[in-house]
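Report on one structure; see the data block that follows.
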Amino acid sequence: DAKTTQPNSMESNEEEPVHLPCNHSTISGTDYIHWYRQLPSQGPEYVIHGLTSNVNNRMASLAIAEDRKSSTLILHRATLRDAAVYYCILRDGAGNMLTFGGGTRLMVKP
Amino acid sequence: DAGITQSPRHKVTETGTPVTLRCHQTENHRYMYWYRQDPGHGLRLIHYSYGVKDTDKGEVSDGYSVSRSKTEDFLLTLESATSSQTSVYFCAISEYLQGNGYTFGSGTRLTVV
């Protein structure tokens, strides 16, 4: 699987939007962009995924650059419960495995 | 997590003893995975299964074996536990090969002393 680069940590204020960036300059045409998050002492939780178009669901939005070399996970209104490690992962079209990198630790201040 | 349970949640065992961790799902998903998570290494894939009796190795499979005799159960066995296998183990399930997310269990914290 192609690699992703994320900042080690980010801070946000409660009730403000958060934009979590991810660079994936070596992405191939069949790679899907997946985001997971892991709350303390829990297993990872699926957040969202996309291929080319921006995606929205009840948890977040995913904005994908036109050249697909980067993406941004958007939490529209951060809450204290959103404090977690967020992983950006590429999953190829024929692959059946997720390869996790280091992720971004998001801290939310009240 | 709904639909996937891991047992036990915590285990302490001695070096050299065999240990089996169980992952049970009620979702009838085809794909199942075992990961381990260690500080500084993130989550690493140990083994995965793409159907009953169909398994394959992941990134860190040495010292581990798996079995899947039923769709709902995926067992991870440490034949002779070592201290380096002290870790948190996560099971995950997936319905399709591509295009959807994994559902992870709550994890098993294993300590080998």
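If I ask for residues that are surrounded by fewer than 14 Cβ atoms within 10 Å (Cβ to Cβ), at pLDDT below 95 and more than 8 Å from chain A (Cβ to nearest Cβ), which ones from region B:91-113 would you list?
Of everything in region B:91-113, just one residue is surrounded by fewer than 14 Cβ atoms within 10 Å (Cβ to Cβ), at pLDDT below 95 and more than 8 Å from chain A (Cβ to nearest Cβ), namely B:Tyr96.
Got a sec? Which strands (runs of 3 or more DSSP E) wholly within region B:11-103 have at least 2 residues that are over 13 Å from the mean Cα position of the chain (by Cα) and over 21 Å from A:Cys88 (Cβ atoms)?
Per the criteria, B:42-51, B:64-70.
Name the residue that is modelled with the highest pLDDT, counting only residues in region B:21-51 that are away from chain A (no Cβ under 12 Å) and exposed (fewer than 14 other Cβ atoms within 10 Å of the Cβ).
Ranking the qualifying residues of region B:21-51, first place goes to B:Thr26.
Since A:Gly103 meets every condition but one in (1) touching a residue at least 12 places away in the same chain (Cβ under 8 Å); (2) on the phi < 0 side of the Ramachandran plot; (3) within 13 Å of chain B (Cβ to nearest Cβ), which condition does it not meet?
Tallying (1) touching a residue at least 12 places away in the same chain (Cβ under 8 Å); (2) on the phi < 0 side of the Ramachandran plot; (3) within 13 Å of chain B (Cβ to nearest Cβ), A:Gly103 fails exactly one: (2).
List, please: which pairs have Cβ atoms under 6 Å, are six or more places apart or on different chains, and start with a residue in region A:28-51 that is more than 8 Å from chain B (Cβ to nearest Cβ) and over 22 Å from B:Ser7 (Cα atoms) and end with one that is part of a strand (DSSP E or B) and modelled with pLDDT under 90?
Note: pairs meeting the criteria are A:Asp31/A:Leu90; A:Leu51/A:Tyr32.
For region A:61-78, give me the residue count where each residue is surrounded by 15 or more Cβ atoms within 10 Å (Cβ to Cβ) and touching a residue at least 40 places away in the same chain (Cβ under 8 Å).
So the count comes out to 8.
Scan region A:9-27 and tell me whether some residue there is β-branched (Val, Ile, Thr), surrounded by 13 or more Cβ atoms within 10 Å (Cβ to Cβ), over 21 Å from B:Gly105 (Cα atoms) and touching a residue at least 24 places away in the same chain (Cβ under 8 Å).
There is at least one residue in region A:9-27 that is β-branched (Val, Ile, Thr), surrounded by 13 or more Cβ atoms within 10 Å (Cβ to Cβ), over 21 Å from B:Gly105 (Cα atoms) and touching a residue at least 24 places away in the same chain (Cβ under 8 Å).
Within region A:91-99, is even one residue buried (at least 18 other Cβ atoms within 10 Å of the Cβ), touching a residue at least 60 places away in the same chain (Cβ under 8 Å), within 15 Å of the chain's Cα centre (by Cα) and part of a strand (DSSP E or B)?
For region A:91-99, residues buried (at least 18 other Cβ atoms within 10 Å of the Cβ), touching a residue at least 60 places away in the same chain (Cβ under 8 Å), within 15 Å of the chain's Cα centre (by Cα) and part of a strand (DSSP E or B): present.
When both residues are 6+ apart or on different chains and their Cβ atoms are under 7 Å apart, which pairs have a first residue that lies in region B:58-79 and is free of Cβ contacts under 8 Å to residues at least 24 places away in the same chain, and a second that is in a strand (DSSP E or B)?
Cβ pairs passing all conditions: B:Glu59/B:Arg44; B:Glu59/B:Leu45; B:Ser61/B:Ile46; B:Ser61/B:His47; B:Gly63/B:Leu78; B:Ser65/B:Thr77; B:Ser67/B:Leu75.
Would you pick out the residues in region A:52-78 that are within 11 Å of another protein chain (Cβ to nearest Cβ) and among the hydroxyl-bearing types (Ser, Thr, Tyr)?
none
Of these, A:Arg81, A:Arg58, A:Arg105, which one is part of a loop (DSSP other than H, G, I, E, B) and either touching a Lys or Arg at 6+ places or on another chain (Cβ under 9 Å) or surrounded by fewer than 20 Cβ atoms within 10 Å (Cβ to Cβ) (or both)?
A:Arg58
Quick check on this structure: which one of B:Glu79, B:Glu59, B:Glu14 is within 11 Å of chain A (Cβ to nearest Cβ), of a type in the set (D, E, K, R) and surrounded by fewer than 20 Cβ atoms within 10 Å (Cβ to Cβ)?
B:Glu59
The values are calculated or read from the model by the stated rules, or taken from the named source; none is laboratory data. Every value quoted in this text rests on a predicted model; they were computed, and no experiment measured them. We place every Cβ from the backbone using ideal geometry, glycine too, and count neighbours over all the protein chains shown.
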